[in-house]
1. In segment 55-87, how many residues are in a helix (DSSP H, G or I) and surrounded by 13 or more Cβ atoms within 10 Å (Cβ to Cβ)?
2. Show the residue pairs that are 6+ apart or on different chains and have beta-carbon atoms under 7 Å apart, the first residue being within segment 39-55 and farther than 12 Å from Leu68 by Cβ, the second being open to solvent by 70 Å² or more (accessible area, probe 1.4 Å) and not aliphatic (A, V, I, L, M).
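The values are calculated or read from the model by the stated rules, or taken from the named source; none is laboratory data. All figures in this text were calculated on a predicted structure; none of them were measured in a lab. Here the Cβ is made from the backbone with ideal geometry for all residues, glycine too, and neighbour counts use every protein chain on show. These accessible areas exclude ligands, DNA and RNA; they are computed on the full protein's heavy atoms, side chains included. Shrake-Rupley method; radii C 1.70, N 1.55, O 1.52, S 1.80 Å.
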Amino acid sequence: MTKQPVSVNGVVRWKDVGQSDHSASERQEPRMIVLRHEIGEVLRDVRQRQGRTLREVSHSARVSLGYLSEVERGQKEASSELLASICAALDVPMSQMLREVSDRLAEAEGMQVPDTVPNELSEEFRREYGTSAVSAEDLPPHGRNRSVAGK
C-alpha cells in the first residue's frame, strides 16, 4: 500500500492507494466519526500551514502546550471557549475552522458538499440581472442596495 497526496480545501493529506480488493471489502463497515478528531486535525493543519509551533500557539491562546497537543490529537474535547481562544491565536475565524470540519465530516459520511452557488440561484440571478452579470459590481446601482434606492 502506498500513500498519495490529495488536496482538500487547500489542505494536503496523504491518502492510501493501491489497496487490494480484500482490504476494501473489510472496510465496508462504516467508520465511526469522532468530532474531536476532526477538529483536532483541522487545528493542526491550520497551525502547520502557518509554520507555527505548538508552543507559539499555546502561548498565544493561553492554553498549556500539553492540552493543546491533546486537542490536536483528538484526545481532549475542547470547550467552545477554548476553541475560540485557539482560533484567535491562529488568526482564523471559528466559522472557517468549523466549515472545514463540516466539509471533512460530510466527506467521511460520503456526502457531496457543493462549493459553488446552486444552479437555481445562478439562473435566477442571470434572469434578473443579465447573462453577463457575475458579481455585485456588475449590478446596476439600484440593484446593489434596494432599500437605499427608494430614498
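1. Within segment 55-87, the subset in a helix (DSSP H, G or I) is 55-61, 65-72, 80-87.
Now restrict to residues that are surrounded by 13 or more Cβ atoms within 10 Å (Cβ to Cβ): 56-61, 65, 67-72, 82-87.
Within segment 55-87, residues that are in a helix (DSSP H, G or I) and surrounded by 13 or more Cβ atoms within 10 Å (Cβ to Cβ) number 19.
2. none
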